[in-house]
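Below is one structure, written out as structure tokens, with a few remarks after it.
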Amino acid sequence: MREEFLRTEIEGHLLHRLIIHPAEGVDVSAVAIFYHGQGDYAERYLDILHPFVDRGVRCIITELPGHGHSPGVRGHCGDVHLLDAVIQSALEDVNNSSDLPYGVMGHSMGGLLAARHLVLAGQGSLPVPSFAWLSSPLVDPSRGRHPAFLRAARLLSPIVPALTFSTHVKPENFTSSAADESPQVELPVEDECITRSKLWHNRVSLGWGTSLLDFADLVNENVKDIPESTALLCTQGKADPVCPAVLTKRLFDRLPNRHKHYEEIEELRHEPFSGAGSEQLFQTLDDWVGSLSMLTSQQEKAPT
């Protein structure tokens with residue numbers, strides 16, 4: 001694969017964008033927009049997305065404000081207007097790829113944003129994706145928060161939208177290896193929890209947090225608007241303490257997609273692509289991407 005790092009100006013924000021291209025000699029068969037998680041950054045997905053890139057899917061990841069290399073208050077992603085502008089900017093890159101099919105994907109908060117994208121597509125606001133992958137989606141952003149806190153957040157968010165607070169997400173929530181780690185133990189690089197990077201954080205702002213609540217309401221209330229034609233994969237760690245599997249499965253069962261698959265991975269936590277057992281996730285991704293007929297047809301049409 002080949003990485004391309006860009007700075008793109010959107011609504012006055014100079015945001016970091018990573019485009020992951022298939023390797024030289026591999027024909028581009030589709031383009032995918034990937035939404036990162038809260039506190040997350042683009043580069044961590046370089047290896048995770050290889051089942052898609054290896055089969056010719058060009059992946060576009062835009063770091064929202066306050067994330068990764070994008071400047072701004074850590075945890076404050078702006079508002080829905082900025083998010084929609086980011087989506088339109090990414091879709092311009094998709095449209096530059098001629099008539100190739102496109103997909104939407106995301107992990108955690110990104111899974112919620114991808115689900116929102118699908119709802120808006122079904123309602124006619126966005127073009128309908130050919131395929132979608134939801135990884136441990138944040139189905140219920142209010143989980144673990146006292147109702148009084150949520151009421152106060154909604155009252156205060158118009159006044160101090162950029163005021164941030166902790167999400168209380170810790171490295172041990174992500175992988176079992178991080179949970180077992182002792183401060184005196186130096187883990188091999190390949191076993192380190194990816195959240196050790198200085199680019200990662202566990203902050204969220206009042207304004208963005210209330211937007212996430214609204215996004216979840218939109219998805220849960222309009223799930224039947226999601227296009228039936230979009231081929232969909234949902235993956236989930238069974239031991240996930242951040243986005244519990246029971247909530248993900250409940251949403252999955254309501255999805256109207258004609259071709260959908262749910263994969264729950266035993267013992268894995270919030271990152272089913274990290275730690276022992278993650279090979280099941282990558283095998284599932286490889287099998288699923290290989291089964292997408294629209295990618296196969298594009299490869300067959302590609303010149304030899």
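The values are calculated or read from the model by the stated rules, or taken from the named source; none is laboratory data. None of these values were measured; they are calculated from a predicted model. A quick note on method: Cβ atoms are made from the backbone with ideal geometry, for glycine too, and the neighbour counts reach across all protein chains shown.
Worth pointing out:
- Scanning segment 51-62 for residues that are in contact (Cβ under 8 Å) with a residue 60 or more places away in the chain and within 15 Å of the chain's Cα centre (by Cα) yields a single hit, PHE52.
- The set of residues in segment 238-248 that are in contact with a Lys or Arg (Cβ under 7 Å, 6 or more places away or on another chain) and either within 13 Å of PHE282 (Cα to Cα) or surrounded by fewer than 23 Cβ atoms within 10 Å (Cβ to Cβ) (or both) comprises ALA239, PRO241, ALA245.
- Within segment 265-276, the only residue that satisfies the criterion of being surrounded by 17 or more Cβ atoms within 10 Å (Cβ to Cβ) and free of Cβ contacts under 8 Å to residues at least 60 places away in the same chain is ILE265.
- Residue match in segment 97-115 (condition: free of Cβ contacts under 8 Å to residues at least 12 places away in the same chain and either under 22 Å from ILE10 (Cα atoms) or of a type outside the set (Lys, Arg) (or both)): yes
- Of the residues making up segment 221-246, those that are modelled with pLDDT under 95 and among the acidic types (Asp, Glu) number 1.
- Segment 92-112, subset of a type in the set (A, V, I, L, M, F, W, C) and closer than 18 Å to PHE252 by Cα, residue surrounded by the most Cβ atoms within 10 Å (Cβ to Cβ): VAL104
- Selection count, segment 215-234, where residues are out of contact with any helix residue (DSSP H, G or I) (no Cβ under 6 Å at 6 or more places or on another chain) and either of a type in the set (Val, Ile, Thr) or within 17 Å of THR284 (Cβ to Cβ) (or both): 3
- Flag for THR167 being buried (at least 19 other Cβ atoms within 10 Å of the Cβ), touching an Asp or Glu at 6+ places or on another chain (Cβ under 7 Å), at pLDDT below 95 and under 29 Å from LYS238 (Cα atoms): no
One line per residue, one yes/no per condition, for (1) surrounded by 24 or more Cβ atoms within 10 Å (Cβ to Cβ); (2) at pLDDT below 95; (3) assigned to a loop (DSSP other than H, G, I, E, B); (4) under 17 Å from the mean Cα position of the chain (by Cα):
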position	(1), (2), (3), (4)
ALA114	yes, no, no, yes
LEU120	no, no, no, yes
PRO127	no, no, yes, no
LEU134	yes, no, no, yes
GLY144	no, yes, yes, no
PHE149	no, yes, no, no
ALA153	no, yes, no, no
VAL160	no, no, yes, no
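- Filter pass, LEU206 being at pLDDT 95 or above, surrounded by 16 or more Cβ atoms within 10 Å (Cβ to Cβ), more than 18 Å from the chain's Cα centre (by Cα) and under 30 Å from GLY72 (Cβ atoms): yes
- Exactly one residue among LEU218, LEU199 is at pLDDT below 95, under 30 Å from VAL289 (Cα atoms), surrounded by fewer than 21 Cβ atoms within 10 Å (Cβ to Cβ) and over 16 Å from the mean Cα position of the chain (by Cα), and that residue is LEU199.
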